[in-house]
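Here the structure is laid out as structure tokens; the discussion comes afterwards.
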Amino acid sequence: MSLRPLTAPWFHGPAGHEKIWLGCAILWCFVMSLMMPYWHFRGKQNSTGEAYTVKPADFLARTEKFVAANRVGTYKHPGNALLGEVPVVEPPPGGDAYLIGRMWQWYPALRLRQGETYRIHLSALDLQHGFSLQPLNMNFQAVPGYDHVLTLTPTSKGEFTIVCNEFCGIGHSSMTGKIFVE
Amino acid sequence: MSTTSHNLAAPGTPGRVCGTTGLHVCFDAQRFIKLNAVSGIVFLLLGGIAALLLALTRWQTVHLLPVDWFYRILTFHGLNMLIFWILFFEVAILYFACTTPLNARLYSKKVAWLSFALMLVGALMTDYIILKGQADVMMTSYLPLLAHPVFYLGIILVAVGTLIGVFNFFATLYVAKRDKAYTGSMPIVTFGALAAAIIAVVTLLHGAVVMIPTFTYSMGWTAEPDPIWYRLIWWGLGHQSQQVNVCAMVSVWYLLTHIVLGSRPINEAVCRSAFVLYILFINLASAHHLLVDPAVGATWKIWNTSYAMYLAVLASMVHGFTVPAGVEVAMREKGYTSGIFGWVTALPWKNPAFSGTALSVVIFGFLGGITGVTLGTQQINIIAHNTLRIPGHFHVTVVGGTTLAFMALAYYVIPLIFQRDFIWRGLARVQPWLFGLGITLLAFGMSFAGSMGVSRRSYDIDAQGVYGPAAHLWLGVLGIGGVLAFLSLLIFVVLCVGTLFFGQKIEGRPMADWGTPRALAGTTPGSLAHDHYATKGTMVLTLVFLACFVVYYFANWKALADVWPVR
Amino acid sequence: MKNEPKIHPWQKLMDNPWLLLVLGVLIPVLSYSVWGWIELLFTKPALLP
């Protein structure tokens, strides 16, 4: 009984319907266990957590250098004063790009080429921020003190918005950035 | 049940014999069950009011709160619901589970007072500083966000107080065994509570490890802890505390189906093994929150997020079978044998404790479990992390699952422990249904909006200029669901508090029956104890569940395959 | 009690709250917390090429 101590022997293996269900459940858990390693080697979307420690000031300096060397234009958001004017920067195909999350903008805007692969270095300067690429809905964490490397291959063209999805103070819901793919 | 087998085994313990169940109730335990349960319900009401304000703000058309108060109330809501309400009620459940079923006395009144006082003071401190506007950091308070030191101190006090209550539980188990208050193995309800208590120990240890250096940092005494280290250890508190809920909730399922229908686990060894799998492996899933984080590698992520190859999911799937199977066997033994589902239609759907339990099982399993495992898949998390899909998941586990099960429990705890019959019993019969409906709508709204990329913890979705009318529609569904769930929560609190003051006293007589199916003529209890093929209905239901699980799981892999390649 | 049939070791584990407590603390602490902590400690500094 559920509310009384058990005194009679109660230790039995599963039988009948319970055994069938247990078999189904174990099989399903096994399938799910295989899916993640399978996708890690064969699938194209993975989060490997590749990262290096970095001082926020050093990361900012490296980003400014990246902007100065690869700037191709300026982007002004029509309605969002927080984003203001940000440089548009085009990294060389196959090269490194630097992206900063700070209160309350993603800096700089990136211009990428469809089908090329980039190493995007993602970090935050002040608080934690959430890199959320819309409308694709791809999400990664940006953390101060860590250079989070995303090896990314844009496969669709257009204008994409980076939304911040980690709470970062009063301007959080207006924190945006841009990625253009040509 | 006979009262003779349950005379006082621990002599000199002040207590009484329950007029309804014939079980012995220790007065000390009873007092602290009352104190903790009532405090829990008060925090539930506070968190509920906050929930209403939040739902009416995220419902973009209404957009009630100003921005600073939105984040403040969100912090307040998270802590009051996920920590205070749940922990107070769980301590009440622990005190019940280690005394009455074991015929034991509570180990120490003083320890129980200390635990209660620390928890209460800590919770009030935290709530005060949040409402004062000096801790707008969300429940997670991710560094480098920094709150007033009182915020961390309050949480530390709650954690230490709970740990002391858990110690009282373990000491009671030890004394009960030593003094031979019972012989044999502890009942399944107590075993489930043991699992909850063990997980609580791991949880609260992590809480201490992360909160103490954060507190000293906020005082300016020590350097800032590393933000990722904070995330790693904090989720050892934040996620695992919800695993305490899972164990407590499953125990409540076993308890209430037993009380209402006389059902028993069809196989004690399998049910207990499932709890053992929880104890050993469920806590690895704190990794769910770090799946798209830097600096922790794919091997660590995959191994931990899968609870060591889904052993804890296996445990939940076992409970998801054995709970309804126990009910089916009990109903068939009572003579409700027609067809595959004849026993389902004869169930006491108007008994709020039963309907609450059944809804809790269905909402937790079909909605909460399936979404949780899928979103917690390492790669799929890329298209879910920090979107509204996440709260969409945990509102059907923690609220539709745990809170609803605890509400169901209250429909027996208040008559049996507070010794008063419920007022307005008709309203009580509607309450779990309304709550289940509200929470389900809320979770659907969140999940679909989240699938469209709407982020959680965000005041406004118009500033980004990327969300269309469909996202707004789902946020409206979220809002309506939130309002319905709040109404039901309000009804629940009014019923409970009203009953404490105005309910008819019981004193010795059995409590008023909520409605339990009678055994038909010519049936004998236990007649199906050795029939292992008596659970056809449950078999069909669980296979339907598995089919939904498989479809949802692979649909998400498909959605993932459509986004940009990333490593 | 001496003449009772042998108790299965798995049942012995389930009847022993203290052993369960020790295992229940050790496994997650080692697998999740300690392993994760080690991963963080071994994070290399960025070269910023």
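The values are calculated or read from the model by the stated rules, or taken from the named source; none is laboratory data. Predicted model only: the values in this text are computed from it and were never measured. Methodologically, a virtual Cβ is constructed for each residue, glycine included, from the backbone with ideal geometry; neighbour enumeration extends over all protein chains shown.
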- prompt: Quick check: anything in the range A:156-170 at the interface with chain B (Cβ under 7 Å from one of its Cβ atoms), over 27 Å from B:Arg72 (Cα atoms) and assigned to a loop (DSSP other than H, G, I, E, B)?
  reply: no
message: Return the pair list, or none, for Cβ contacts closer than 6 Å from residues in the range B:329-357 that are closer than 21 Å to B:Thr440 by Cα and polar (S, T, N, Q) to residues that are surrounded by fewer than 21 Cβ atoms within 10 Å (Cβ to Cβ) and at pLDDT below 95, at least 6 apart or on different chains.
response: B:Asn351/B:Gly515
task: Working carefully through the options A:Arg42, A:Arg113, find the one that is closer than 25 Å to B:Ile383 by Cα and touching a residue at least 60 places away in the same chain (Cβ under 8 Å).
output: A:Arg113
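Buried (at least 18 other Cβ atoms within 10 Å of the Cβ) and facing another protein chain (nearest Cβ under 8 Å): which single residue out of A:Leu127, A:Leu110, A:Leu99 fits that description?
Criteria check complete, one pass: A:Leu127.
Against the condition assigned to a helix (DSSP H, G or I), more than 9 Å from every other protein chain (Cβ to nearest Cβ) and aliphatic (A, V, I, L, M), how does B:Val344 come out, does it pass? If you could, list the steps in order and put the result at the bottom.
Details: assigned to a helix (DSSP H, G or I): yes; more than 9 Å from every other protein chain (Cβ to nearest Cβ): yes; aliphatic (A, V, I, L, M): yes.
Spelling it out, B:Val344 is indeed assigned to a helix (DSSP H, G or I), more than 9 Å from every other protein chain (Cβ to nearest Cβ) and aliphatic (A, V, I, L, M).
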- prompt: Taking only pairs six or more apart or across chains, which ones have beta-carbon atoms under 8 Å, a first residue in the range B:476-498 that is farther than 16 Å from B:Val399 by Cβ, and a second residue that is among the polar types (S, T, N, Q) and in a helix (DSSP H, G or I)?
  reply: B:Leu495/B:Gln431
- line: Flagged in the range B:381-432 as within 14 Å of chain A (Cβ to nearest Cβ) and in contact with a strand residue (DSSP E or B) (Cβ under 9 Å, 6 or more places away or on another chain), in numbering order, are B:Asn381, B:Ile382, B:Ile383, B:Ala384, B:His385, B:Asn386, B:Thr387, B:Leu388, B:Leu416
field: Hits in the range B:167-192 - residues which are among the β-branched types (Val, Ile, Thr), in contact (Cβ under 8 Å) with a residue 12 or more places away in the chain and surrounded by fewer than 24 Cβ atoms within 10 Å (Cβ to Cβ)
entry: B:Val175
- request: Quick one: which helices (runs of 4 or more DSSP H) lie wholly within the range C:1-44 and hold at least 2 residues that are closer than 25 Å to B:Leu173 by Cβ and at pLDDT 95 or above?
  value: C:17-28
- prompt: Is it the case that A:His148 is more than 7 Å from chain B (Cβ to nearest Cβ) and buried (at least 24 other Cβ atoms within 10 Å of the Cβ)?
  reply: no
Residues located in the range B:118-138, provided they are under 21 Å from B:Ser458 (Cα atoms) and assigned to a helix (DSSP H, G or I): B:Ile130, B:Leu131
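With the structure loaded, tell me whether B:Gly450 is more than 14 Å from every other protein chain (Cβ to nearest Cβ) and either assigned to a helix (DSSP H, G or I) or closer than 25 Å to B:Leu23 by Cβ (or both) or whether it fails that test.
no
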- prompt: Identify, please: which residue in the range B:548-567 is over 32 Å from the mean Cα position of the chain (by Cα) and at the interface with chain A (Cβ under 8 Å from one of its Cβ atoms) and is, among those, surrounded by the most Cβ atoms within 10 Å (Cβ to Cβ)?
  reply: B:Val566
Unique residue being within 14 Å of chain A (Cβ to nearest Cβ), buried (at least 19 other Cβ atoms within 10 Å of the Cβ) and under 20 Å from B:Leu74 (Cβ atoms) when the list is B:Leu145, B:Leu87: B:Leu145
query: Quick one: B:His258 ticks every box in (1) under 24 Å from B:Pro213 (Cα atoms); (2) under 22 Å from the mean Cα position of the chain (by Cα) bar one, so which box is it?
result: (1)
statement: Scanning the range B:521-547 residue by residue, the ones that are part of a helix (DSSP H, G or I), more than 8 Å from every other protein chain (Cβ to nearest Cβ) and surrounded by 15 or more Cβ atoms within 10 Å (Cβ to Cβ) total 3
task: May I ask you to verify whether B:Ala312 is assigned to a helix (DSSP H, G or I), more than 9 Å from chain A (Cβ to nearest Cβ) and under 30 Å from B:Asp226 (Cβ atoms)?
output: yes
- prompt: Only one of B:Ala195, B:Ala248 is more than 9 Å from chain A (Cβ to nearest Cβ), touching a Phe, Trp or Tyr at 6+ places or on another chain (Cβ under 6 Å), buried (at least 24 other Cβ atoms within 10 Å of the Cβ) and outside any loop (DSSP other than H, G, I, E, B); which?
  reply: B:Ala195
message: I'm trying to understand the selection: among the residues of the range A:23-55, which are of a type outside the set (D, E, K, R), more than 8 Å from chain B (Cβ to nearest Cβ) and surrounded by fewer than 16 Cβ atoms within 10 Å (Cβ to Cβ)?
response: A:Gly23, A:Leu27, A:Val31, A:Leu34, A:Tyr38, A:Phe41
Residue that is farthest from A:Gly171 (Cα to Cα), among those in the range B:51-105 that are in contact with a His (Cβ under 8 Å, 6 or more places away or on another chain) and assigned to a loop (DSSP other than H, G, I, E, B): B:Asn103
- request: Please work out which residue is modelled with the lowest pLDDT, limiting yourself to the range B:500-520 and to residues that are assigned to a loop (DSSP other than H, G, I, E, B) and touching a strand residue (DSSP E or B) at 6+ places or on another chain (Cβ under 8 Å).
  value: B:Ile506
field: Residues located in the range B:289-304, provided they are in a helix (DSSP H, G or I) and crowded, with 24+ Cβ neighbours inside 10 Å
entry: B:Leu290, B:Lys301, B:Asn304
field: Residue count for the range B:287-307, restricted to those that are small (Gly, Ala, Ser) and more than 9 Å from chain A (Cβ to nearest Cβ)
entry: 1
message: Residues to consider are B:Val497, B:Val477; find the one that is farther than 21 Å from B:Arg389 by Cα and either of a type in the set (Ser, Thr, Tyr) or out of contact with any Pro (no Cβ under 7 Å at 6 or more places or on another chain) (or both).
response: B:Val497
- line: In the range A:56-78, residues that are surrounded by 12 or more Cβ atoms within 10 Å (Cβ to Cβ) and within 18 Å of A:Arg102 (Cβ to Cβ) total 13
query: On the given criteria, is B:Leu427 closer than 25 Å to B:Arg72 by Cα and in contact (Cβ under 8 Å) with a residue 24 or more places away in the chain?
result: no
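Looking at the range A:112-120, can you tell me whether even one residue there is in a loop (DSSP other than H, G, I, E, B), under 21 Å from B:Asp293 (Cα atoms) and among the hydroxyl-bearing types (Ser, Thr, Tyr)?
The answer is yes, given that some residue of the range A:112-120 is in a loop (DSSP other than H, G, I, E, B), under 21 Å from B:Asp293 (Cα atoms) and among the hydroxyl-bearing types (Ser, Thr, Tyr).
Could you look through the range B:198-228, keep only residues that are among the hydrophobic types (A, V, I, L, M, F, W, C) and part of a loop (DSSP other than H, G, I, E, B), and pick out the one that is farthest from B:Gly122 (Cα to Cα)? Outline the logic, then answer.
Of the residues in the range B:198-228, the ones among the hydrophobic types (A, V, I, L, M, F, W, C) are B:198-202, B:204-205, B:208-212, B:215, B:219, B:221, B:223, B:228.
In the following step, the residues that additionally are part of a loop (DSSP other than H, G, I, E, B) were identified as B:219, B:221, B:223.
On the way: B:Met219: 17, B:Trp221: 21, B:Ala223: 24 Å.
Looking at residues that are among the hydrophobic types (A, V, I, L, M, F, W, C) and part of a loop (DSSP other than H, G, I, E, B), I get B:Ala223.
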